[in-house]
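Novice: Below is one structure. I have some questions about it.
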Amino acid sequence: MWQSLKAYSYFTKIRIINNFAYSFEIMARFVSNFLVLVITVFIWKAAYKNNVGIAEVNQEQMITYSIISILLVSIYSVRVDRIVNERVREGFIAIDFMRPINLIVGWFFDDIGTSIDSFLLTLLPLLIFSIAIIKVPLPANLTAFMLFLASVFLSYLILWIITAMTSMIAFWFIELGNLSFVRSQLIRILSGSFVPLWFFPKVVQKVSAFLPFVYIYQVPLSIYIGKINFQQALQSMLIQVVWILILIFLLSLIWKKACRMVTVQGG
Amino acid sequence: MIVVKNLSKEFLVIKKSPGFSGALKSIFFPDKKIVHAIDNVSFSINRGEIVGYIGPNGAGKSTTVKILCGILHPTSGTILINGLDPQKKRQEIVRNIGTVFGQRTQLYWDIRLGESFELLRRIYRIDNETYNHNLSVMNEMLQINELIDIPVRQLSLGQRMRGDLVAAFLHSPKIIFLDEPTIGLDIQGKKSIRKFIKNINRLNKATIILTTHDLDDVEELCNRLIIINKGRIVEDGGLKQIINKITPYRLLIVDAEKIPVNFKTENCEIVKSELNRIHLKFDKNKITASQLIAQISLQIKIVDLSVKESDIEDVIENIYGQSV
Amino acid sequence: MFRWLKHYISVTNCFARLAIQRQMEYPTFLFGWIAGNFLQWFGGLWLIQTIMSRFGDLAGWKAEQVIFIYSLSVISHGLVVIFFLQTWVIGQMIIVGEFDRILLRPMDSFFLFIVRNINFVGITDAIPGIIIFFHACSLVKFHWSFVNIVNIGLILIGATLIRTALYMLVGSISFWKINRDALSVLMMHFQQQATSYPISIYPYSLQVIFTFLIPIGFISFYPASQFFGIGTILDIPFNFSFATLFMGVIFFFLASYVFTTGLKKYESVGN
């Protein structure tokens, strides 16, 4: 167990070193997130200007919500879809299968590497800026903060598995690789990453409660700003766990089919 | 035709150190270094020559080619191509230049081969007569018509190379740069491409500059070699001339009934010694083969023997060996 | 001169034909783009409507007026994707050596760079934009006079040029600092976010920047403000459709100058 963890963490290390080679990109990513952050803050400020009586959340909560959301976006940089597409398109996937490791786990640790360096070089500086200049508050108490962190981890798993699953389309239809673009648009709209779902019509809210998307952004963010209490938070996190189990099951089914495909047709 | 004088090109490169700390360090304190890719190179090439421009990887071959095409500007030195400076008159120069980069096609990947030719016809403003004439001449040599309606991505490597060659020669260029034109091809493919290059050179009186690692290409095609190593020209001359100069020895392989343990000869070097076969290297300026054979036969009973001339491969080995 | 023009036009036509043929080779690709882009732009419309219906107005702009801004933004984005997509991938083109190929041709390099790719798939961006535009026009009771139609045309041309110029400016950085076009992605997100809402929501200093330095205000905000008669920081008695075109042409020339300078630098250093 320990040995194999060490082997997989090598993926993480390589990815981090690789990313460091593109210092310009790290900077660009920081500037990008910074600009989006500033723009978003002003959009909500303008929206709240003449509307003090918004019942769902107040202005400070909403701004905190969207800032933390942008910070999460920066570390939720999942690239497994790009990797799978590239490996299949260029015909390397058959070689990858010969390696004595679980490829999916390898790709996961690869993405963790990107998230770690985004955390250090994008999220942390932005967080310091947000706390110092925009006066973004921390969660109300330590329990909420711990719950938030745990929920973020579960969110990342949901996002990662959904991305991995849709990327497997490439095994059958390489030309539909751009469907991952459709997926990212769905997530953008339905996860509450920009506009939280409580502003949506009731019907949409009810339907999305049964979809996994809302558990990617809205749950941890609601915990952070104290929109949901301890009880509700635990409940939501339980649903996150259930979704993870369902998605892992689906992913393993698709993965097995994909493996058979590659070993029969040789990629 | 092509005159190059005191050409130099320097690059600034950033050195990377290994590991985490190295990666971090190169973000904040990049370690910059000047590399002399080409160092004071001079040569001239006449019309109709086929020149092999060879050297190990990173010797400065492709940098030279890029500079000659006007894509890259030199740090110092002068170049004249048909009396024009490619740095100042790039568009006029490249009108008469054709290129094949073996590793990178200029053909449109997804559509039928003929469309790529159509585009080139418009870019180079080739008139109908020339276009049809060139296509039919090259069709005779490369059977290009059978490929013209196939999407490039479905062509085999050899077929694609045929397409790339046609694309390079379509506008009747006076100078052609061929960078590894036979790379990855099978023997048959290599042969037909060499034959094409020979023929088109005779037909068009085109100057051909060939960079390659395949020494059979060199031996079959080039009447002249320019060997470059570490940015400097090491040798420039005829193929035979260079071989004589760099490796003026021959190899004598003798089969005998039994080679005595204390076998010894003068004026030659024992390269390899087996139970009943011995390889001797000798300088042909110092001793002739017959003299050597006479000398040996005094000591051992010769069953069979053969003499091997050194070839371009030995030359390259000799030169590259010094660079390591 | 005439011969020169004919030459360049025939090459442009040929590039366009090859581009169509290339994309027709992969018809299934279109499905992904149609689904993704329709979802993206109509989803964006829906998010704006959701916010606006809850909050009523944004810096004095009503929902239908914001949607009008948004539609101008989407259409001009679509036009960029159709005609100038290559300005997003300058860094990639350098890495794979595309500019070597361009420099080997006996034609103007900037011209070859601009015409080498006409990306018809971009229609899947433009069509949602056009649909949303007509939707917005009926909401705001847009007056379809001849002058207004001409104005819309000028605005879209100007807006496309402004957007392209900005992509070209950040893309040209690749000539000095090798990279995989990270800034182009940033530019896309930024343009998309900043041109979908009135820029009067920002503080004065940012508005000045978005007017003169990074003139995205002219892409959708200023033209819309003139149609609706809403005051802005730029209170000049000037037709904003001409202003947009003017800014577009100025910035396009500026960007092409920077691009050409970058290409010269590429010729002296290589990649």
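The values are calculated or read from the model by the stated rules, or taken from the named source; none is laboratory data. What you see is a predicted model; the values in this text were computed from it and never measured. All Cβ positions, even for glycine, are placed from backbone atoms using ideal geometry, and neighbour counts span all protein chains on display. Side chains are part of the model used for accessible areas, which takes the heavy atoms of the whole protein and leaves out ligands, DNA and RNA. Shrake-Rupley method; radii C 1.70, N 1.55, O 1.52, S 1.80 Å.
Novice: Leaving out ligands, DNA and RNA, what percent of the accessible area of the protein assembly as shown is carbon and sulfur, probe 1.4 Å?
Specialist: Here carbon and sulfur together make up 62 percent of the probe-accessible area.
Novice: Classify the protein assembly as shown from the C-alpha gyration tensor, please: rounded if a/c falls under 1.5, else prolate or oblate depending on whether a/b exceeds b/c.
Specialist: Judged from the Cα gyration tensor, the protein assembly as shown comes out prolate (a/c at least 1.5, a/b above b/c).
Novice: Ordering B:Tyr249, C:Tyr266 from largest to smallest accessible area (1.4 angstrom probe), what's the sequence?
Specialist: Greatest to least solvent exposure: B:Tyr249, C:Tyr266.
Novice: A further question on this structure: Is the shape of the stretch C:26-82 best called rounded, prolate or oblate, per the rule: a/c under 1.5 gives rounded, else a/b larger than b/c gives prolate, else oblate, with a ≥ b ≥ c the square roots of the Cα gyration tensor eigenvalues?
Specialist: Numbers: a/c = 5.55, a/b = 2.09, b/c = 2.65.
Oblate, because a/c is 1.5 or more while a/b does not exceed b/c.
Novice: Moving to a separate point now. In the stretch B:215-324, which GluC sites (Glu not before Pro) fall in coil by DSSP and have 13 or fewer other Cβ atoms within 10 Å?
Specialist: B:Glu257, B:Glu266, B:Glu274
Novice: Given the C-alpha centroids of the stretch B:141-193 and the stretch C:155-229, what is the distance between them in whole angstrom?
Specialist: Taking the Cα centre of each part, the stretch B:141-193 and the stretch C:155-229 sit 46 Å apart.
Novice: Let a ≥ b ≥ c be the square roots of the eigenvalues of the Cα gyration tensor of the stretch A:180-250; is it rounded (a/c under 1.5), or, if not, prolate (a/b larger than b/c) or oblate?
Specialist: Details: a/c = 1.69, a/b = 1.09, b/c = 1.55.
The shape class here is oblate.
Novice: Right, here's the next one. Rounded to the nearest 10 Å², what accessible area does C:Leu30 have for a 1.4 Å probe in the complete protein model?
Specialist: Number for this one is 80 Å².
Novice: Also, I was wondering about something else. Give me the summed buried accessible area for the A-B pair, 1.4 Å probe, to the nearest 100 Å².
Specialist: In total, chains A and B hide about 600 Å² from solvent.
Novice: Nearest 5 is fine: what % of DSSP beta bridges in the protein assembly as shown come out antiparallel, could you say?
Specialist: Of the beta bridges lying entirely in the protein assembly as shown, close to 75 percent run antiparallel.
Novice: Here's a follow-up. How much accessible area per residue does the stretch A:2-266 have, in Å², with a 1.4 Å probe?
Specialist: 47 Å²
Novice: Using only protein heavy atoms and a 1.4 Å probe, how much accessible area in total is buried between C and A, to the nearest 100 Å²?
Specialist: Buried: approximately 3700 Å² between A and C.
Novice: Using a 1.4 Å probe, what is the accessible area per residue for the stretch C:2-263, in Å²?
Specialist: 39 Å²
Novice: Here's another thing I want to ask about it. Taking the Cα atoms only, what angle lies between the long axis of helix C:123-140 and the longest principal axis of chain C, rounded to 10 degrees?
Specialist: 20 degrees
Novice: Moving on to the next point. Pick out the long, greasy-scoring helices in chain A: whole DSSP H runs spanning 30 Å or more along their own axis by Cα, mean Kyte-Doolittle at least -0.5. Walk me through the numbers on the way to the answer.
Specialist: Details: long enough: A:23-48 (38 Å, 1.40); A:142-167 (37 Å, 1.98); A:230-265 (51 Å, 1.32).
Length and hydropathy pass: A:23-48, A:142-167, A:230-265.
Novice: Hey, another quick one. As a test question: what accessible area, to the nearest 10 Å², does C:Thr12 have when a 1.4 Å probe is rolled over all protein chains in place?
Specialist: 40 Å²
Novice: Say R0 is 35 Å: what FRET efficiency, to the nearest 0.05, do B:Asn199 and B:Ile150 get from their beta-carbon distance?
Specialist: 0.90
Novice: Another question, then. B:Asp149: accessible area at probe 1.4 Å, nearest 10 Å²?
Specialist: Here the accessible area works out near 100 Å².
Novice: Would you calculate the separation in nanometres between label points at C:Thr261 and B:Lys5, each defined as 7 Å from the Cα along the Cα-to-beta-carbon direction?
Specialist: 3.3 nm
Novice: Here is a further query. Taking all protein chains together and a probe of 1.4 Å, list C:Arg22, B:Arg112 from the most accessible to the least accessible. Before the final figure, lay out each step's value.
Specialist: Numbers: C:Arg22 50, B:Arg112 80 Å².
Most to least solvent-accessible, the answer reads B:Arg112, C:Arg22.
Novice: With r defined as the distance between the Cβ atoms of A:Ser184 and B:Asp127 and R0 fixed at 30 Å, what FRET efficiency is calculated, to the nearest 0.05? Walk me through the numbers on the way to the answer.
Specialist: Numbers: r = 51 Å, r/R0 = 1.69.
With R0 = 30 Å, the Cβ-Cβ based efficiency is 0.05.
Novice: Given the options C:Asn13, A:Phe194, B:Gln103, identify the residue whose Cα lies farthest towards the positive end of the charge dipole of the protein assembly as shown (+1 on Cβ of Lys, Arg; -1 on Cβ of Asp, Glu).
Specialist: A:Phe194
Novice: On to the next question. Computed FRET efficiency, Cβ-Cβ of A:Ile248 and C:Ile95, R0 35 Å: what is it to the nearest 0.05?
Specialist: 0.40
Novice: Please check: in the Gaussian network model of chain C (C-alpha springs, under 10 Å), which one of C:Asp100, C:Asp108, C:Asp235 has the largest mean-square fluctuation.
Specialist: It is C:Asp235.
Novice: In the stretch A:184-206, which residues become less accessible by 10 Å² or more once every protein chain is in place, relative to the chain on its own, using a 1.4 Å probe?
Specialist: Residues passing the criterion (a loss of at least 10 Å², heavy atoms only) are A:Gln185, A:Leu186, A:Arg188, A:Ile189, A:Phe194, A:Val195, A:Phe199, A:Phe200, A:Pro201, A:Val204.
Novice: Still on this structure, I have one more. Suppose every Lys and Arg Cβ carries +1 and every Asp and Glu Cβ carries -1, with no other charges. What dipole size does chain C come out with about its Cα centre, to the nearest 20 debye?
Specialist: In debye, rounded to 20, chain C gives about 460.
Novice: Residues of the stretch C:86-119 with accessible area at least 40 Å² lower in the all-protein-chain context than alone (1.4 Å probe)?
Specialist: Residues meeting the cut-off: C:Asp100, C:Arg101, C:Leu103, C:Leu104, C:Arg105, C:Pro106.
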